[in-house]
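K.L.:
Before I ask anything, let me first share the structure, which is written out below as structure tokens.
The values are calculated or read from the model by the stated rules, or taken from the named source; none is laboratory data. Nothing here was measured: the structure is a model prediction, and the numbers come from that model. Counting neighbours? That spans all protein chains shown, and the Cβs are built from the backbone with ideal geometry, glycine included.
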């Protein structure tokens, strides 16, 4: 065939003689060529069949894998649905239990509050009768019995007050105030309150204020006095305490009261868990730790805390701290920022005798309080700007603010002149305006 390759390649349609010659040449090989052609065709068919079988097998495997994956996914989905139903049922059970526990806690708090009121009334009557029974000329033994009964009655009244405050804080009904106050005045009040108990117990107590204390800070002096008095009373009542000292200092925006005392009771080391009011003895509060527990909760609600340090020689330091922003000293200067001229005039009249300025333009930073009419889309921006300009001033909202936490106090509308004056200028007396004179601003 290779010998005739050139002839085959050069063959064209009109060359019939050459075609017949080539046919004659290949005629003896027709059977071999036919067999070769058939073998080629059979091989191609076998390859196509093998390819079809391979494709069919691959399709079946893909189908089986897909069905298996689908079965696994369905099984997982079913398991997730079962687990979800279980979790939903568990969450519902927990919700019901939480509601029941909360209802029980509220019922307990209401019961404590009711019983505190009910028990305190007759106890005050008992104390009154004991005071009447203390007549001049009584024999010393009888007078001592009356004094002991009075001490027990006062202790019972204090416990009832602690229970009442504890239930109020658990019910979130305990109200706190924010207003300027003097730490020196607070220290003087605590000195007078602690003196009688210290004399009865024969324990000396010293109350002092560290140098550098701001003339006035922003906070709740009444609640702070109650918390510190509870701690001081607990320390003074505890046997073995001596050399009690209370010192106030101010650091980094925090007002701190350090109650220090020595403790020596037959080599027994002071237990900080008692003063901190933490649960012990099977999760129950120690009976004599109720006062410190209430004080700790008060301090925490005011944003502060309570800690105990044990020093060498049996010395114990109880540190109570609350945030208290220092405010400007000197005569109160109040800036009134309102959109309503009438509201600004009403506030200025309510603060008659106090240096006021309507509008913040051109006012220096030495301001004790800023009254801002609350509300509006730009309230947050106005608060931020006033905080930046008057960092040491108390910011009081006039009306209902969108974010009460952004203010140091809220003066509801209509304006209560006495309440507003108590918030921004508590230590000033309001002079009577002269007849025919306009309120000073």
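K.L.:
Quick check on segment 86-97. Is at least one of its residues under 30 Å from residue 155 (Cα atoms) and under 46 Å from the mean Cα position of the chain (by Cα)? Give the steps one after another, and end with the answer.
P.N.:
Kept after step one, since they are under 30 Å from residue 155 (Cα atoms), are these residues of segment 86-97: none.
No, segment 86-97 has no match at all.
K.L.:
Also, quick follow-up: Of the residues 190, 246, which is closer than 17 Å to residue 262 by Cβ, in contact with a strand residue (DSSP E or B) (Cβ under 9 Å, 6 or more places away or on another chain) and touching a residue at least 24 places away in the same chain (Cβ under 8 Å)?
P.N.:
So the residue among 190, 246 that is closer than 17 Å to residue 262 by Cβ, in contact with a strand residue (DSSP E or B) (Cβ under 9 Å, 6 or more places away or on another chain) and touching a residue at least 24 places away in the same chain (Cβ under 8 Å) is 246.
K.L.:
Which count do you get for residues in segment 130-150 that are loosely packed, with under 13 Cβ neighbours inside 10 Å and in a helix (DSSP H, G or I)?
P.N.:
Here the count works out to 7.
K.L.:
Sort out which residues of segment 29-59 are at pLDDT below 75 and either in contact with a helix residue (DSSP H, G or I) (Cβ under 8 Å, 6 or more places away or on another chain) or loosely packed, with under 10 Cβ neighbours inside 10 Å (or both), and write them in order of number.
P.N.:
Selection gives 33 alone.
K.L.:
Right, here's the next one. Going through 393, 381 one at a time, which residue ends up being exposed (fewer than 12 other Cβ atoms within 10 Å of the Cβ) and out of contact with any helix residue (DSSP H, G or I) (no Cβ under 6 Å at 6 or more places or on another chain)?
P.N.:
Answer to the selection: 381.
K.L.:
For residues in segment 382-412 being assigned to a loop (DSSP other than H, G, I, E, B) and touching a strand residue (DSSP E or B) at 6+ places or on another chain (Cβ under 7 Å), which is modelled with the lowest pLDDT?
P.N.:
Within segment 382-412, the match that is modelled with the lowest pLDDT is 392.
Yes/no per residue for (1) modelled with pLDDT under 85; (2) surrounded by fewer than 17 Cβ atoms within 10 Å (Cβ to Cβ):
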site: 179; (1), (2): yes, no
site: 195; (1), (2): no, yes
site: 200; (1), (2): yes, yes
site: 205; (1), (2): no, no
site: 210; (1), (2): no, yes
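K.L.:
For segment 184-239, enumerate the residues that are in a strand (DSSP E or B), closer than 19 Å to residue 306 by Cα and out of contact with any helix residue (DSSP H, G or I) (no Cβ under 9 Å at 6 or more places or on another chain).
P.N.:
Result: 219, single match.
K.L.:
Something else about it: Residues being under 28 Å from the mean Cα position of the chain (by Cα) and buried (at least 23 other Cβ atoms within 10 Å of the Cβ): count how many of those fall in segment 235-255.
P.N.:
1
K.L.:
Which residues, taken from segment 203-228, are within 30 Å of residue 239 (Cα to Cα) and touching a strand residue (DSSP E or B) at 6+ places or on another chain (Cβ under 8 Å)?
P.N.:
Across segment 203-228, the qualifying residues are 203, 204, 205, 206, 207, 208, 209, 210, 221, 224, 227, 228.
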